[in-house]
Amino acid sequence: MADLTTNFLGITTPNPFWLASAPPTDKEYNVRRAFEAGWGGVVWKTLGEEGPPIVNVNGPRYGAVWGADRRLLALNNIELITDRPLQTNLDEIARVKKDYPDRAIIVSLMVPCTEESWKAILPRVAETGADGIELNFGCPHGMSERGMGSAVGQVPEYIEMVTRWCKENYDKPVIVKLTPNITDIRYPARAAKAGGADAVSLINTVSSITSVDLDDFCPEPAIDGKGSHGGLCGPAVKPMALNMVAEIARDAETAGLPISGIGGVTTWRDAAEFMALGAGNVQVCTAAMTYGFKVVQEMISGLSDWMDQKGYESTDQFIGKAVPNVTDWQYLNLNFVTKARIDQESCIKCGRCYAACEDTSHQAIWMKEGRVFEVNDAECVACNLCINVCPVEDCITMERMEAGQTDPRTGRVVSDDYANWTMHPNNPAAQAAE
């Protein structure tokens, strides 16, 4: 049976599933329930410096994006960091860590960008016995306007500086949480590494407005007729998160830097994908807020079953396994030629493939008498839009043309040789090189 025990930064947990710093980890009661449900660790909701507590709005804090079946695809959150007193949180962290020594407790922190502020809070966190800290350089709302959160995470020099302060004044792992609200995620990751970070976690939430009430003309969630941008999380952000994790994992300057993957992890498969792209574990928020803490049990059993089927005895055997297969567009094989194929027995004759291809793609699907749909190879560019709009799984597949066959669209003989854009005669750079 697969062993899901995970060692991340020397912190051993029974599984790779941690709760992210967010409302679910705001207090002792929640975290105890989470551990009893089976979570391997938590990142305690972000603590601020000593002083008057943070003030949150007293109205709605979440906007939502739903699928056609009312399934929650994303949440927009305008809640700030913890509004509970610092010492209350620290006391609770110490109690929970004492009672659950086999689970990870990481403390998320956000204080003003001054060395004195960080020096003041770090010793107090150390006294709790927590396993490490996570620097919140990602919050896009409420705190960035105060010079914290993503305001720091968008400036690599600040990331490196604050990370170094923390490494000099704290003797346990320091994780830097990165904002996705930036052009190139590699630069903040490099800065975190330069500052001595033990790991990075990503992504934090994406700055967003989810919807506008067309009666009141107010962004949602609405507070007395006004709305604000917030942070988007949930399944909708997963593709962005996977890309950014992969960028860090394959960047020569950050390769090998441990990563905690965050962003839309809802199932065991999501977790496995993050880990295959280099994440040592994953953090979850929206799934827990949607389905409750026991959702982790399905994640654990699903990942374990998949590992057994694949013959993996530990997560280390597949972490990063997909990274070598991530490349830049110019290195994709241009001699890889495929055509769409429609299984007539599975086809329900809905015509979605035809409509999509005829109206928006390459007019490569014919509709014949009796609503029979067939692919015209002479027009098919193998874009696979038809597969993505087809409601029947595996009804349409892509079939690779064999070497020696002639592609009826281009008139060229298919070759087994690898050839990419850097070699193509239409590439001015390739011509110049010759």
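Just so it is clear, none of the values below were taken in a lab; they were calculated from the coordinates. Just so you know, these numbers come straight off a predicted model, no measurement behind them. Note that each Cβ is placed from the backbone with ideal geometry, even for glycine, and that neighbours are counted across all protein chains shown.
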Can you give the FRET efficiency for Asn56 and Thr114, using 1/(1 + (r/R0)^6), R0 = 25 Å, r = Cβ-Cβ distance, to the nearest 0.05?
0.55
Residue farthest toward the positive end of the dipole of the chain, with Cβ of Lys/Arg at +1 and Asp/Glu at -1: which of Leu90, Thr163, Thr12?
Leu90
Scattering from the C-alpha atoms of the range 323-434 alone, worked out with Debye: what is log10 I(q)/I(0) at q = 0.13, 0.19 1/Å?
-0.60, -1.03
With the cut-off at 26 Å, tell me which of the pairs Lys310/Lys339; Lys97/Lys310; Lys193/Lys294; Lys177/Lys321; Lys27/Lys193 have Cα atoms farther apart than that.
Lys310/Lys339; Lys97/Lys310; Lys193/Lys294; Lys27/Lys193
Using every pair of alpha-carbon atoms in the range 176-328, split the distances into 10 Å bins beginning at 0 and state the percent of pairs per bin, rounded to integers.
11, 35, 31, 16, 6, 1
GNM on the chain, C-alpha springs below 10 Å: top fluctuator among Asp270, Asp416, Asp308?
Asp416
Determine the calculated [θ] at 222 nm for the chain from helices alone, applying -39500 (n - 2.57) to every DSSP H run no shorter than 4 residues and normalising by the residue count; nearest 500 deg cm²/dmol.
-8500 deg cm²/dmol
Rg and Dmax of the chain over Cα atoms: what are they, in angstrom?
24.8, 77
Taking 0.36 nm per residue of separation between Glu399 and Thr183 and subtracting their Cα-Cα distance, the length gained on full extension comes to 74.1 nm
Determine the percent antiparallel among the DSSP beta bridges restricted to the range 38-189, to the nearest 5.
30
Magnitude of the Cβ-charge dipole (Lys and Arg +1, Asp and Glu -1) of the range 329-433 about the Cα centre, nearest 20 debye, reported as 200
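Give a quick list of trypsin sites (Lys or Arg not before Pro) in the range 55-111 that DSSP marks as loop, anything other than H, G, I, E or B, with at most 11 other Cβ atoms within 10 Å.
Arg70, Arg71
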I want the local charge near Val389. Using Cβ-Cβ distances under 13 Å, sum +1 for each Lys or Arg and -1 for each Asp or Glu among the other residues.
-2
For the range 361-407, inverting the pair-averaged 1/r of distinct alpha-carbon atoms gives a Kirkwood value in Å of 12.0
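If you put +1 on each Lys and Arg Cβ and -1 on each Asp and Glu Cβ, how big is the dipole of the chain around its Cα centre, in Debye rounded to 20?
Taking the Cα centre of the chain as origin, the dipole is about 520 debye.
Quick check: residue separation of Glu313 and Met161 times 0.36 nm, minus the Cα distance between them. What number comes out in nm?
Working: separation 152, 0.36 × 152 = 54.72 nm, distance 3.99 nm.
Contour length minus Cα-Cα distance gives 50.7 nm.
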